[in-house]
Amino acid sequence: MIEHIVGALITKGNQFLVVQEEKDRYFKLAGGGIQEGETEIQALKREILEELTAGCEVMGKLLSYDLTSKDREFKFHIYYVNLLDEPKQNPSP
């Protein structure tokens, strides 16, 4: 079964925002899994609200790509996003 994941490319000037979960050592784009019954856009807005405590405007889809890791298959959907509020987390440029 393919897991669908959404991610947000959020830019400000010549920087882009990434997040790091406390349990992980690596950085990633804001976003996450799509829950049953959600569209990609709904999932993306929910994930940004959860991770950054900020509303957002989805500007458009940049790309989709497939990734296979061990016994799991993923399809990533990356969108260009503008934040409507300042994020409450500490973004890293």
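Determine which member of the set Ala54, Ala8, Ala43, Ala30 is touching a residue at least 60 places away in the same chain (Cβ under 8 Å) and open to solvent by less than 60 Å² (accessible area, probe 1.4 Å). Break it down stepwise before answering.
Details: Ala54 fails: touching a residue at least 60 places away in the same chain (Cβ under 8 Å); Ala43 fails: touching a residue at least 60 places away in the same chain (Cβ under 8 Å); Ala30 fails: touching a residue at least 60 places away in the same chain (Cβ under 8 Å).
Answer to the selection: Ala8.
Could you list, in sequence order, all residues of region 59-72 that are in contact (Cβ under 8 Å) with a residue 40 or more places away in the chain and surrounded by 12 or more Cβ atoms within 10 Å (Cβ to Cβ)?
Selection gives Leu62 alone.
Keeping to region 47-71, report how many residues are touching an Asp or Glu at 6+ places or on another chain (Cβ under 7 Å) and part of a helix (DSSP H, G or I).
Residues that pass the stated criteria total 0.
The values are calculated or read from the model by the stated rules, or taken from the named source; none is laboratory data. Source: prediction; values computed, not measured. When we count neighbours, we look across all protein chains shown, and the Cβ atoms used for this are built from the backbone with ideal geometry, even at glycine. Keep in mind that these areas ignore ligands, DNA and RNA; they rest on the heavy atoms of the full protein, side chains included. Shrake-Rupley method; radii C 1.70, N 1.55, O 1.52, S 1.80 Å.
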